[in-house]
Structures are given as structure tokens and as C-alpha cells.
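J.: First the structure, then my questions, so here it is.
Rule-based calculations on the coordinates, nothing more; no lab input. Since this is a predicted model, take the numbers as computed values, not measurements. Virtual Cβ from ideal backbone geometry, glycine too; neighbours counted across all protein chains shown.
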Amino acid sequence: MKKHKIAVIVGSLRKESFNLKIAKALMAMAPESLSMELLDISGLPMFNEDLEGSPPKEWVALREKIRAADGLLFATPEYNRSVPGVLKNAIDVGSRPYGENSWNGKPAAIISVSIGAISGFGANHHLRQSLTFVNVPAMAQPEAYIGNAAELFDDNGKLKNDSTKDFLRSFMEAFETWVDTHVKS
Ligand SMILES: Cc1cc2nc3c(=O)[nH]c(=O)nc-3n(C[C@H](O)[C@H](O)[C@H](O)COP(=O)(O)O)c2cc1C
């Protein structure tokens, strides 16, 4: 299988973010064919179309990094039953200027991670709605909703239980196939 570059986008800026921990666990168990890199969306100026004439350097850098990726992995918390503003802002910035959507056609997978029992379902699906519009095919199955996240990690930030590790590994295997299918076509 050809090697594919995956940009990993985490919708939380918290140092101790459970989404970041899950993203790191996924990166560590990624199949050989996926080369994973975290995309930093902190410090990205808020989208304002008036600035497009001379866009902030952070926007330009983000757009270039998205363009350079073959695929996308999103790990998102749920904020008030939707995606955090920082993630929505990154999607908006990447989608413009008009006619130059950097996200276009990149295959993606989504995992939502929450300390609650509903597991970020609302954020996961709101994200799918935006990704549809920017023409990102998001893997349908397996769906990945990680709940009660505070109980999943040990003091070193490592996953405690094998069933979660097994699920995450199968999620990454499905994502590998998803990326390979879309990049070829
Ligand atoms: C502003 C705000 C809104 C939140 N809204 C929700 C919510 O709608 N559903 C939910 O399951 N958790 C909600 N939470 C709790 C988050 O799931 C929890 O803070 C989680 O740990 C955030 O992800 P992180 O650990 O990656 O930062 C909210 C947290 C914040 C700060």
C-alpha cells in the first residue's frame, strides 16, 4: 500500500485534552501506510473575509498543510452539543478563499471524545455536516464515539483497557482502507 500523509486535527486546545490523548494513541497505532502529523490550529486568527486580500500567515500555513495532506483525522470534543469554535474556525479558514477550498476531496475519519456518556455524538455529526459542504468524504463505519473519557487513561496518559485499544486499532485499519480507496480514485 502506498504511504499516505494524514493531518490530525484536534478540536481542543487543552494541554490535558482527552481528545489529544486519543489522537496520540491513534497516531501511535496507525498502520504502516499512514504517516500521521498533528496540525496545530491554536492561534489561528478568526475567519474574516475582509482579510482575504492579505490573509494572516497562520491561515496561509494552515491551507498549505491541508493541501499537502492525503487524508484527515479529526478528534473533537463536544461543546454545547456542537463542535468547539476553534475547530469550526479551522474548517472555515481552510475552505476559503472562495473557489480554493483546501479540504476538497480529502478522505477523513472522525472520532469524538467526551467525559460524558453521550460521547460527543452531537459534535461528531455537526462536524459531518460541515465536512459534507467542503467536500470531505467522512468514513461512515465504524462510528467512533468515546465516552467517559476521564476513566480511560492512567497517570501517564496511556489507555488502560484493551477493549478500547482494540476498537481504536480496528478504527485505524478501516481508515487506512478508506484513505487508500479515495486517494487512488
Ligand atoms: C464550553 C463547554 C461545553 C461543553 N459541552 C458539552 C456537551 O455539549 N456535551 C458533552 O458531552 N460534553 C460537553 N462538555 C464537556 C467536554 O466533553 C469535556 O470538557 C471534555 O473533556 C473536552 O474535551 P478535551 O478533554 O479534549 O478538552 C463541555 C465542555 C465545555 C468547556
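J.: What percent antiparallel are the DSSP beta bridges of the chain, to the nearest 5? Walk me through the numbers before you get to the answer.
T.: On the way: 2 of 21 bridges.
Expressed as a percentage, antiparallel bridges in the chain total about 10.
J.: Still on this structure, I have one more. What are the ³J(HN,Hα) couplings of region 61-67, residue after residue, when phi is run through the Karplus curve with 6.51, -1.76, 1.60 and θ = phi - 60°? Round to Hz, x for glycine and proline.
T.: The phi angles translate into 5, 4, 4, 5, 5, 5, 4 Hz.
J.: Quick one: Karplus J couplings for region 38-43, per residue in order, coefficients 6.51, -1.76, 1.60, θ = phi - 60°, nearest Hz, x for Gly and Pro?
T.: Listing the rounded values in order: 6, 9, 7, 10, 6, x Hz.
J.: Same structure again: Please compute the length gained on full extension between A28 and N89, using 0.36 nm multiplied by the number of residues separating them and subtracting their Cα-Cα distance.
T.: 19.2 nm
J.: Let me ask another. Place a +1 charge on the Cβ of each Lys and Arg in region 18-135 and a -1 charge on the Cβ of each Asp and Glu, then give the dipole magnitude about the Cα centre in debye, rounded to the nearest 20.
T.: Taking the Cα centre of region 18-135 as origin, the dipole is about 300 debye.
J.: So for region 4-182, taking the charge dipole from beta-carbon charges (+1 Lys/Arg, -1 Asp/Glu), which of G94, F153, A25 sits furthest toward the positive end?
T.: About the Cα centre, the residue reaching furthest to the positive side is F153.
J.: Which trypsin sites (Lys or Arg not before Pro) does region 1-59 hold that lie in a coil by DSSP with at most 14 other beta carbons within 10 Å? It would help to have the intermediate numbers written out before the result.
T.: On the way: sites: K2, K3, K5, R14, K15, K21, K24, K57; in loops: K2, K3, R14, K15.
When the trypsin sites (Lys or Arg not before Pro) of region 1-59 are filtered for loop state and at most 14 Cβ neighbours within 10 Å, K2, K3, R14, K15 remain.
J.: Name the lysines eligible as straight-distance cross-link partners of K158: C-alpha to C-alpha under 26 Å, and not fewer than 8 places from it in the same chain.
T.: Partners within reach: K5, K15, K21, K24.
J.: Moving on. Among all stretches of the chain without exposed GluC sites (Glu not before Pro) (DSSP loop, at most 10 other Cβ atoms within 10 Å), which one is longest?
T.: Values: sites that count: E16, E32.
Between the exposed loop sites, the longest stretch runs 33-185.
J.: Let me ask another. What residues qualify as long-range amide H neighbours of I115, i.e. H under 5 Å apart, gap of 5 or more or another chain, H built at 1.01 Å from N?
T.: The answer is A149.
J.: Just to confirm my numbers, what's the Cα centroid distance between region 139-174 and region 81-98 in Å?
T.: So the two Cα centres are separated by 25 Å.
J.: Just going by the charge dipole of region 56-157, with Lys and Arg at +1 and Asp and Glu at -1 on Cβ, which of A69, M139, I111 is farthest out on the positive end?
T.: A69
J.: Still on this model: Remind me, relative contact order of the chain in percent, using alpha carbon pairs under 8 angstrom and six or more residues apart? If you can, show how the numbers build up before the last one.
T.: Numbers: 326 pairs, mean separation 45.9, N = 185.
So the answer I get is 25 percent.
J.: I've got another one for you. Over the alpha-carbon set of the chain, divide Rg by the Kirkwood Rh and report the Rg/Rh ratio to two decimals. Each step should come with its number before you reach the end.
T.: Working: Rg = 15.8 Å, Rh = 16.6 Å.
Result: Rg/Rh = 0.95.
J.: Calculate, in nm to one decimal, what R81 and K165 gain on full extension: separation in residues at 0.36 nm each, minus their alpha carbon distance.
T.: Contour length minus Cα-Cα distance gives 27.6 nm.
J.: Quick check on the chain: helices-only [θ] at 222 nm, where DSSP H runs of length 4 and up contribute -39,500 (n - 2.57) each and the sum goes over total residues. Nearest 500, please.
T.: Result for the chain: -12000 deg cm²/dmol, rounded to the nearest 500.
J.: Search the structure for amide H atoms under 5 Å from the amide H of H4, placed 1.01 Å from N in the peptide plane, and list their residues when 5 or more places away or on another chain.
T.: Those qualifying (amide H under 5 Å, at least 5 residues apart or on another chain) are L34, S35.
J.: Relative contact order (percent) for region 1-45, with alpha-carbon contacts under 8 angstrom and 6 or more residues of separation?
T.: On the way: 43 pairs, mean separation 25.3, N = 45.
The value is 56 percent.
J.: I'd like the trypsin sites (Lys or Arg not before Pro) in region 79-185 restricted to DSSP loop residues with at most 13 other Cβ atoms within 10 Å, sorted by number.
T.: The qualifying sites are R81, K158, K160.
J.: Rounded, prolate or oblate: which fits region 3-95, taking a ≥ b ≥ c as square roots of the Cα gyration tensor eigenvalues, rounded meaning a/c under 1.5, else prolate when a/b beats b/c? Present the calculation step by step, with values, prior to reporting the outcome.
T.: Details: a/c = 2.46, a/b = 1.31, b/c = 1.87.
It is oblate, given that a/c is not under 1.5 and a/b is not larger than b/c.
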